[in-house]
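First the structure, in the form of structure tokens, and then the observations on it.
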Amino acid sequence: MEKKEWNNSLLMECIIEKKEKLVEVADRNGLTSNETVKCSQELDVLLNVYQRQFSF
């Protein structure tokens, strides 16, 4: 993911959407499927961005 400043509400919206997708993918494919792991890693990236950008 390229480095950029995120708008707080946009970032939170992306995190919520990715969490919902992760639950759907995990329910459909199982917790250890490649698709679930990839989605989880994408969520991790978003959460790390949030932590770096909005933590004091």
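The values are calculated or read from the model by the stated rules, or taken from the named source; none is laboratory data. From a predicted model like this one, the values you see are computed outputs, not experimental measurements. Because the Cβ atoms are built from the backbone with ideal geometry, glycine has one as well, and the counts that use them run over all protein chains shown. Side chains included, ligands, DNA and RNA excluded: accessible areas come from the protein's heavy atoms. Shrake-Rupley method; radii C 1.70, N 1.55, O 1.52, S 1.80 Å.
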Task: Nearest-ten-degree value, helix 8-29 long axis tilted from longest Cα axis of the chain - done: 10 degrees
- [ ] Could you tell me how many degrees, from 0 to 90 and to the nearest 10, lie between the Cα long axis of helix 34-54 and the main elongation axis, the longest principal axis, of the Cα atoms of the chain?
- [x] 20 degrees
- [ ] Calculate, for the chain, the solvent-accessible area per residue in square angstrom, rolling a 1.4 angstrom probe over the heavy atoms of the protein chains.
- [x] 80 Å²
Task: Two-site FRET efficiency, E24 against N48, from Cβ-Cβ distance with R₀ of 22 Å, rounded to 0.05 - done: 0.50
